[in-house]
Amino acid sequence: MKRKSFLIGMSSTVLSVCWPFGAAAQPKDATPKLLKVAVVFPGPAEEPWNNAIYQPLLKAKEAGKISLDLADNVGYPEFERVLREYSSRGYNLIVGDAFGSDDKLRRVAKQYPQVNFLFGSALPPQAPNVGVFNSWIEETTYLTGVLAGLMSKTGTVGIVTSFPQPGPNRKVNAFVLGAKSTNPKMKVKITFLDSWYDPAKAKEATFAQVEAGADFVFAERFGVIEACREKGVYAFGNIQDQHSLAPKTVVTSVVWDLQPLMSFVVGNLVDGAFQPIDYREWSMMAKGGTYLTPFQEFVMPADKLAAFQKTMQAVKVGQTKVPLNAAVPIGD
């Protein structure tokens, strides 16, 4: 298989940012330790969830901390074969997404105990060499619901997501809880696409929600923002800062920032250590794993902005706890 390593949506200016560890000066006769890292995705690297994983590693590569190879779009049928192929090449760390292929990841990891694996997964870690993470961004998703509840003029908001599975369910329930915390009578429209990536279907689902009265829609999947722009309603971006997709439409984005996690893991590996643990805390607000992007075109009345900021601070410091509810949500 041809290995790929390429840049996705990043300018040279962005890549020049200093990697968080800093680059300690090396004696002239010293050879810096260079970690060998591979990324393996069943789907495309440009898909927002995958890209959130890949971008911090690109920065580490540019900072001279790691070498980096990418295999994406390998497909679920070929995932195990590709993972085994990369595991046999002497990589220190293999990173990726195991949703839909967790059994394959764990089989390969048992066969290659000398390789460290860090994968998005809904299952627990597996000693001695599988650490797991997930997009535990319910806190910020809850806050978008709070904002929608404060600002909706129709009393109806919506969210378009992928599957009625635990991960998506948690985010939908957090959004619903936030919206109804500010307006108990708020109606929340919920659409499951039964697909991880179908922009056309997401767009049609959004049109239907807007026709039903939604004036704020959480774009958990690609396609929603375009539909909101066309219909003249507001959207919340997901995983990455999506303001540039429709500046007058995107209020704020829930960012899943894996820079803190990747910095921690790569830093440990530089010191010769790897922890096969659940890295959940690194996806939460307290450690900077998730945050809301600043408002740009969007303006809130001063009283509502103050109420929103107060709630956001309470969530960030843990004063307000957002429950992790994975039950299948039911819309209004």
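Structure data summary
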| read-out | value |
| --- | --- |
| Any pair with Cβ under 6 angstrom, 6 or more apart, that starts in segment 203-219 at a residue that is on the phi > 0 side of the Ramachandran plot and ends at one that is outside any loop (DSSP other than H, G, I, E, B) and open to solvent by less than 40 Å² (accessible area, probe 1.4 Å) | Gly213/Thr156 |
| Residue in segment 308-331 that is open to solvent by 60 Å² or more (accessible area, probe 1.4 Å), of a type in the set (S, T, N, Q) and touching a His at 6+ places or on another chain (Cβ under 9 Å) present | no |
| Residue match in segment 53-63 (condition: of a type in the set (S, T, N, Q) and within 27 Å of Gly237 (Cα to Cα)) | yes |
| Residues of segment 170-187 that turn out to be part of a helix (DSSP H, G or I), surrounded by fewer than 22 Cβ atoms within 10 Å (Cβ to Cβ) and of a type outside the set (A, V, I, L, M, F, W, C), as a count | 3 |
| Any hit, segment 259-273, residues being in contact (Cβ under 8 Å) with a residue 40 or more places away in the chain and in a loop (DSSP other than H, G, I, E, B) | no |
| First in segment 85-106 and farther than 19 Å from Leu35 by Cβ and outside any helix (DSSP H, G or I), second anywhere and hydroxyl-bearing (Ser, Thr, Tyr) and open to solvent by 10 Å² or more (accessible area, probe 1.4 Å), Cβ under 8 Å, 6 or more apart | Gly100/Tyr76; Ser101/Tyr76 |
| Qualifying residue in segment 133-155 (condition: under 30 Å from Ala38 (Cα atoms) and aliphatic (A, V, I, L, M)) | yes |
| Tally of residues being part of a helix (DSSP H, G or I), modelled with pLDDT of 90 or more and either open to solvent by 40 Å² or more (accessible area, probe 1.4 Å) or out of contact with any helix residue (DSSP H, G or I) (no Cβ under 7 Å at 6 or more places or on another chain) (or both) across segment 44-82 | 14 |
| Which numbered condition Leu305 misses (of (1) over 16 Å from Ile137 (Cα atoms); (2) in a helix (DSSP H, G or I); (3) touching a helix residue (DSSP H, G or I) at 6+ places or on another chain (Cβ under 7 Å)) | (3) |
| Output for segment 107-140, where each listed residue is in contact (Cβ under 8 Å) with a residue 60 or more places away in the chain and not in a loop (DSSP other than H, G, I, E, B) | Asn116, Leu118, Gly120, Gln126, Val130, Gly131, Val132, Phe133, Glu138, Glu139, Thr140 |
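Here's the yes/no breakdown for (1) surrounded by 24 or more Cβ atoms within 10 Å (Cβ to Cβ); (2) touching a strand residue (DSSP E or B) at 6+ places or on another chain (Cβ under 9 Å); (3) assigned to a strand (DSSP E or B):
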| site | (1), (2), (3) |
| --- | --- |
| Tyr142 | yes, no, no |
| Gly145 | yes, yes, no |
| Thr154 | no, yes, no |
| Gly158 | yes, yes, yes |
| Pro168 | no, yes, no |
| Lys189 | no, yes, yes |
| Ala200 | no, no, no |
| Phe207 | no, no, no |
| Asn238 | yes, yes, yes |
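The values are calculated or read from the model by the stated rules, or taken from the named source; none is laboratory data. Note that the structure is predicted; figures quoted are calculated from it, not measured. Quick reminder, even Gly has a Cβ in these numbers, built from the backbone with ideal geometry, and neighbours come from all protein chains shown. Each accessible area value is taken on the protein alone, full model and side chains, heavy atoms only, with ligands, DNA and RNA left out. Shrake-Rupley method; radii C 1.70, N 1.55, O 1.52, S 1.80 Å.
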